[in-house]
Amino acid sequence: MGARLLTLLLVLSLASACSSDSSSSPSATPSSAPTETPALAMTCAGEGTPTVVLEAGLNTSGDTFAALADTLAATTRVCWSDRAGVGGSPALPADAPDPWPGSSADALAAELESRGEAAPYVVLGWSYGGMVAQAFATRHADLTAGLVLEDSSVPEQFTDPAWGDIAWVDGGRAVDEEEAVAELSDVDLGDLPVVVLTAEELTRKLRLLWEGYQERLTASSGDAVHARAVGAGHAIHESTPDLVAAAVVDVVEAVRAEAPLGPCDGRYDDLGGRCLSPVGGYRR
């Protein structure tokens, strides 16, 4: 009987030890915390409100705006940054979702807040950055005072075969096109002051498509101005910098005066711009 009891106690002891080891194994540990978006590299200069925020094109560092920022800093506070994985900003963690304009807009808003850069913001978005600017205005309307859309990309470029096979990669990661199309296909900017600048480099069918997209963007606000950058390439801030600077200052001054931009009545004629008349769906 004593031997049997000893054997039983030994079996129970081993079972208890195995149970203890199992409960402390890696498979039983709590799941890790959600992935955090890394901080963005950001440069700011100047003083005044509203703060102008410059958002660059696809996979392009914000320092493309260095000269423009120097000009605008004489008028108000201005900031430019690099999206995750671009320029001086660290890449997104491997387990983070693929980027898209909405997630980039959220990261930009968080970075501005963490640095204490005062709202409201006038956001200039160039190319892909134009979709980030649109997402910023819709997702963070309380922080947004106005927009300048510099030859802005549009969700139709993800879906219309006329644009061919564009490699939508930003910061080393594929852009989530489905998210972009879902959120940005029908943007409503209310009466937000908006200047839409359209380059003139495209020809034939693509030019007609492109100007139609830009007209739709103009129609998304009840206080919008649309101007063509005559003879300009896609990077209007490089080929026609005075026009872009004037557009930003116009929006800044409208915000300060709490007044509408008013009609595009030739204000850019001496700066390489040509006002385009409102058509069809424009709400103004």
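Provide the FRET efficiency to the nearest 0.05 for the residue 208-residue 185 pair, computing r from the beta carbons and using R0 = 22 Å.
0.65
With a 10 Å Cβ neighbour count serving as the proxy for reagent exposure, in which order, fewest first, do 223, 170, 191 appear?
Fewest-to-most ranking of 223, 170, 191: 191, 223, 170.
Fewest to most neighbouring Cβ within 10 Å: what's the order for 238, 150?
238, 150
Please give the residues of the stretch 231-261, grouped as numeric ranges, whose backbone N is less than 16 Å from a label point set 7 Å along the Cα-to-Cβ vector of residue 270.
242-247, 250
Considering amide H positions built from the backbone, and no H for Pro or chain starts, which residues 5 or more places from residue 51, or on another chain, come under 5 Å of its amide H?
Placed amide hydrogens put 122 under 5 Å from residue 51.
Rounded to the nearest 5, what is the percent of antiparallel bridges among the DSSP beta bridges in the stretch 37-275?
25 percent
Between residue 242 and residue 98, 0.36 nm times their residue separation minus their Cα-Cα distance comes to what?
48.3 nm
Test of understanding: ordering 168, 126 by Cβ neighbours within 10 Å, fewest first, what list do you get?
Result, fewest neighbours first: 168, 126.
Provide the gained length on full extension for the span residue 253 to residue 118, in nm with one decimal, where the gain is 0.36 nm per separating residue minus the Cα-Cα distance.
Gain in length upon complete extension: 46.9 nm.
Every read-out reported here was derived from the displayed coordinates using simple, explicitly stated rules and does not represent laboratory data. Small disclaimer: the values here were computed from a predicted structure and weren't measured. Here Cβ is always computed from backbone atoms with ideal geometry, including for glycine, and neighbour counts include all displayed protein chains.
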